[in-house]
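Reviewing the structure listed below.
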Protein chains: 2
Amino acid sequence: LAAASAGIKDPGANRDDLALIVADQPAAAAAVTTTNLVAAAPVLLTRQRIAQGTCQAVIMNSGNANACTGTQGMEDTISITAAAAHELNVNEDLVIPLSTGVIGARLPVDRILDRVPGLVRKLDVHSLEEVARAIMTTDTHPKTVELEAPCSTGMIHMVGLAKGAGMIAPNMATMLAVILVNARVAPDFLRSVLGRACERTFNRITVDGDTSTNDTLVAMAGGASESVRADGTPEDRTVFAALLEQACSDLAQALVRDGEGASKVVHVRVRGAADTDAALLVARTIAQSLLVKTALHGEDPNWGRIIAAAGRAGVPFQPERLNLSIGDVPVLRNGTPVAGDWEEKAHAIMQQREYDISLELNGGHAEGSIDTTDLSAEYVRINADYRS
Amino acid sequence: LAAASAGIKDPGANRDDLALIVADQPAAAAAVTTTNLVAAAPVLLTRQRIAQGTCQAVIMNSGNANACTGTQGMEDTISITAAAAHELNVNEDLVIPLSTGVIGARLPVDRILDRVPGLVRKLDVHSLEEVARAIMTTDTHPKTVELEAPCSTGMIHMVGLAKGAGMIAPNMATMLAVILVNARVAPDFLRSVLGRACERTFNRITVDGDTSTNDTLVAMAGGASESVRADGTPEDRTVFAALLEQACSDLAQALVRDGEGASKVVHVRVRGAADTDAALLVARTIAQSLLVKTALHGEDPNWGRIIAAAGRAGVPFQPERLNLSIGDVPVLRNGTPVAGDWEEKAHAIMQQREYDISLELNGGHAEGSIDTTDLSAEYVRINADYRS
């Protein structure tokens with residue numbers, strides 16, 4: 001891995017904003033990309049190239065999303081991957097681009113092309129954190145994960161990195177993430193476990209409900225010249241899938257914990273729903289409500305806002321069967337306010353940096369959870385003043 | 001009309017928070033109430049009583065929503081309407097209750113019952129503004145409308161009042177509103193024109209995307225002992241419907257202009273959609289995006305956020321056919337950024353207190369518009385610090 005400054009965000013600053021990740025050999029690869037209809041040029045090219053199930057290099061930049069840039073944007077992203085492919089002496093189709101930053105501006109292609117040879121010379125297995133730092137936008141710190149677990153053919157080593165703090169919403173969170181694994185697996189298997197892991201991790205966090213044009217999660221497996229194979233037995237496949245989900249979960253939690261202007265992480269857990277989709281929809285509606293998020297910020301156990309948000313989710317339930325707790329403090333039982341000194345206790349829970357809100361619908365056996373942040377005046381300042 | 005203080009919000013303060021509206025005789029009546037599944041006790045009672053198509057009195061309070069209060073809450077709202085019916089010597093079924101304020105707390109029923117005889121003694125045709133003021137929560141000023149138009153049998157006089165500044169979202173906006181008309185019309189006709197007017201006015205504004213448990217719009221017609229009849233001819237019906245929609249529109253615009261912490265009103269207009277619902281869904285998604293609303297606040301022509309919000313609306317369109325303007329300044333044409341000095345011009349537009357954002361999808365002939373506000377740090381302060 002390697003990072004460098006191409007002056008994308010600020011031509012004068014010497015802040016790293018370009019990064020390259022290269023495998024020793026073509027790796028099995030899969031990606032999950034934004035559900036936004038307006039997908040950036042690098043997303044369109046990544047979808048096209050990753051379809052073959054192999055990839056050897058990823059070239060990433062922050063400071064510019066290369067979205068809404070028309071055919072010029074597509075030509076730019078192709079020429080950048082071509083330059084990397086040429087320097088690395090690999091097929092152009094094996095290089096995928098990831099971009100994040102301001103929408104609608106042209107990339108400084110010449111400055112990026114200038115930096116490619118230097119990036120290739122700097123490639124180093126120890127540069128994970130430098131790369132994670134180079135793709136940060138409003139993130140306050142780089143986000144990485146390193147995990148390992150034994151399978152029947154050897155040790156699976158997995159590393160990952162991600163960026164994202166605002167424009168974060170399920171389906172999927174606004175973010176770039178890359179996960180690298182030593183072990184070899186079949187591309188179809190990788191695609192299947194990556195999709196499931198994304199659905200259960202990145203797609204269950206929210207900062208502001210906005211889904212970006214550039215979201216991309218990429219996994220590459222077996223790009224190292226090693227003999228570890230992680231999909232040969234059912235047990236190995238289980239170990240691999242669990243490890244990948246853990247890596248996604250760790251990165252997703254790092255994203256929500258670094259939510260723009262946020263001081264809290266709240267786990268909105270909905271139980272007793274007819275199915276998981278219904279539980280998640282109620283949880284998401286609560287997790288994205290401005291009135292809930294400002295009450296979280298004010299540490300105000302104003303649970304009426306939680307119930308009001310649940311009631312507009314579009315999921316049928318019986319209001320008179322609702323139970324609601326803040327942390328372990330019941331505030332509503334069978335749709336009726338709990339008597340007694342719940343308010344002080346619930347306020348004490350809400351002063352914590354992390355806690356649960358649990359809503360029981362009593363209408364089924366499915367459950368789902370969304371992790372959200374509080375909404376602060378600082379979020380408004382970041383997004384009213386910062387061109388992202 | 002009459003208003004009084006029942007100390008609902010603050011037992012010590014002498015701020016009016018209770019109001020009564022009475023017609024000389026039973027009036028044709030219709031209501032539109034919240035789509036929130038968790039509807040407050042007064043909403044449930046209003047739905048039940050308004051079904052008969054007549055109503056003679058409305059008793060309203062601010063400071064307490066009487067929502068999520070179980071069977072006790074229903075008993076409380078019934079006893080308050082019973083007291084008003086008794087004092088007015090009308091049938092209990094002809095009195096409907098409207099409440100707004102904090103969710104989950106019991107109404108101070110005894111203090112309210114104490115005030116009912118005094119309210120009845122104070123009834124005065126000139127108290128429209130006092131009543132509008134009594135039902136305010138975070139509103140900065142009372143909202144009223146007075147309109148008139150001739151029909152074949154005489155002059156139609158229409159007055160209306162509304163409250164609402166936060167928890168405002170389409171379907172319907174968090175608000176209470178009452179419209180009173182001298183002219184007599186059939187209840188079915190009133191219900192039909194009120195539903196259409198609401199859909200085209202109150203349901204097309206948003207402040208924070210949260211739909212309350214208490215939203216209610218009530219219209220009463222012909223409660224005065226007058227001979228004006230406004231539904232006898234097609235022309236009269238057209239005049240009446242237009243006047244009612246104008247009253248709703250004026251009140252809805254007053255609500256969004258008083259949005260919590262807001263300094264701007266922006267009309268998000270979407271054209272070239274396959275149908276009106278699609279146009280409105282794209283407009284709503286843009287109008288509710290936190291990143292769009294913070295950019296409006298920062299007066300930052302960061303149009304990528306507008307396109308990113310449109311792209312996640314769930315409405316199919318071709319990104320390469322999009323045109324976008326801020327005011328009269330084109331910023332995107334055929335999905336490609338406009339060259340030249342658009343940024344300074346668009347910034348100048350965004351410094352205005354009110355302007356349009358126009359998105360052309362070029363995928364059909366339908367259009368729709370949603371009026372929204374900017375999102376300020378002040379909104380966060382109001383909702384993190386205020387128990388509403």
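The values are calculated or read from the model by the stated rules, or taken from the named source; none is laboratory data. Because the structure is a prediction, the values reported are computed rather than measured. Neighbour counts are summed over all protein chains in view; Cβ atoms, including those assigned to glycine, are modelled from backbone coordinates with ideal geometry. Just the protein is used for accessible areas: all its heavy atoms, side chains included, with ligands, DNA and RNA removed. Shrake-Rupley method; radii C 1.70, N 1.55, O 1.52, S 1.80 Å.
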With bins 10 Å wide starting at 0, give me the P(r) of segment B:179-301 over every alpha carbon pair, in whole percents. 11, 35, 29, 18, 7, 1
A 1.4 Å probe over the protein heavy atoms gives the protein assembly as shown a carbon and sulfur accessible-area percentage of 48
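Under 8 Å for C-alpha pairs, at least 6 residues apart: give me the relative contact order for chain B, rounded to a whole percent.
That works out to 17 percent.
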Between chains B and A, total accessible area buried, probe 1.4 Å, no ligands or nucleic acids, nearest 100 Å², roughly 4200
When N counts the residues of segment A:253-332, how does its alpha-carbon radius of gyration compare numerically with 2.2 N^0.38 Å, as a ratio? 1.10
Return the Rg/Rh ratio of segment B:305-388 with Cα-based radii and a Kirkwood Rh. 1.05
Per-q log10 I(q)/I(0), segment A:61-122, q = 0.13, 0.24 Å⁻¹ (Debye; single scatterer per alpha-carbon; no solvent): -0.33, -1.02
How far is A:Pro150 from itself in the other copies, in nm, if each label sits 7 Å out from Cα along the Cα-Cβ line, shortest first? 9.7
Does anyone have the angle between helix B:187-200 and the longest principal axis of chain B? Alpha-carbon axes, 0 to 90°, nearest 10? 30
At 1.4 Å probe size, with every protein chain present, just tell me what the per residue accessible area of segment B:1-136 comes to in Å². 38
Give me D for segment A:229-381 in µm² s⁻¹, whole number, from Stokes-Einstein with Rh from the Kirkwood sum over alpha-carbon pairs, 25 °C and 0.890 mPa s. 149
What figure, in Å² to the nearest 10, do you get for the accessible area of A:Asp10 with a 1.4 Å probe and non-protein molecules left out? 80
Just give the residues from segment A:354-386 buried by at least 20 square angstrom of accessible area in the all-chains context relative to the isolated chain, probe 1.4 Å, and say none if nothing qualifies. A:Leu375, A:Ala377, A:Tyr379, A:Val380, A:Asn383, A:Ala384
Based solely on its DSSP helices, what 222 nm [θ] is calculated for chain B when runs of n ≥ 4 H residues each add -39,500 (n - 2.57) and the sum is averaged over all residues, nearest 500 deg cm²/dmol? -11000 deg cm²/dmol
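With a cut-off of 8 Å between alpha carbons and a minimum separation of six or more residues, what is the relative contact order of segment A:1-89 in percent?
On the way: 112 pairs, mean separation 25.8, N = 89.
Dividing the mean separation by the residue count of segment A:1-89 yields 29 percent.
Counting only Cα atoms, I'd like the Rg/Rh figure for segment A:32-83, Kirkwood definition for Rh. Write down the numbers at each step before the final one.
On the way: Rg = 10.9 Å, Rh = 11.7 Å.
My calculation puts Rg/Rh at 0.94.
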Size of the protein assembly as shown along its principal axes in angstrom, Cα-based, largest extent first? 91, 58, 40
Kirkwood Rh, Cα atoms: Rg over Rh of segment B:1-125: 0.94
Please list, in order along segment A:96-108, the HN-Hα scalar couplings obtained from phi with the Karplus expression 6.51 cos²θ - 1.76 cosθ + 1.60 (θ = phi - 60°), rounded to whole Hz, x for Gly and Pro. 10, x, 10, 10, 8, x, 5, 8, x, 10, 7, 5, x
Take every Cα-Cα distance within chain A, group them into 10 Å bins from 0 onward, and report for each bin the whole-number percent of pairs it holds. 5, 23, 29, 22, 14, 5, 1, 0
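Pairs of Cα atoms under 8 Å, at least six residues apart: use those to get the relative contact order of segment A:297-373, whole percent. Before the final figure, lay out each step's value.
Numbers: 78 pairs, mean separation 25.1, N = 77.
Computed over segment A:297-373, the figure is 33 percent.
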Which value, in Å² and to the nearest 10, is the accessible area of B:Phe202 when all protein chains are kept and the probe is 1.4 Å? 0
So which residues in segment A:63-82 end up with at least 50 square angstrom less accessible surface once the other protein chains are there, compared with the chain by itself, probe 1.4 angstrom? A:Cys68
Using a label point 7 angstrom from Cα along Cα-to-C-beta, what distances in nm, from shortest up, separate B:Asp124 from the other copies? 8.2
Among the residues of chain A, which one places its Cβ closest to the rotation axis that maps chain A onto chain B, and what is that distance in whole Å? A:Ala377, 2
Shortest first and in nm with one decimal, please list how far the A:Gly314 label point sits from its counterparts in the other copies (point 7 Å along Cα→Cβ). 0.2
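Ordering B:Lys143, A:Lys122 from largest to smallest accessible area (1.4 angstrom probe), what's the sequence? Intermediate results must be reported in sequence, preceding the final value.
Details: B:Lys143 5, A:Lys122 110 Å².
Sorted by accessible area, descending: A:Lys122, B:Lys143.
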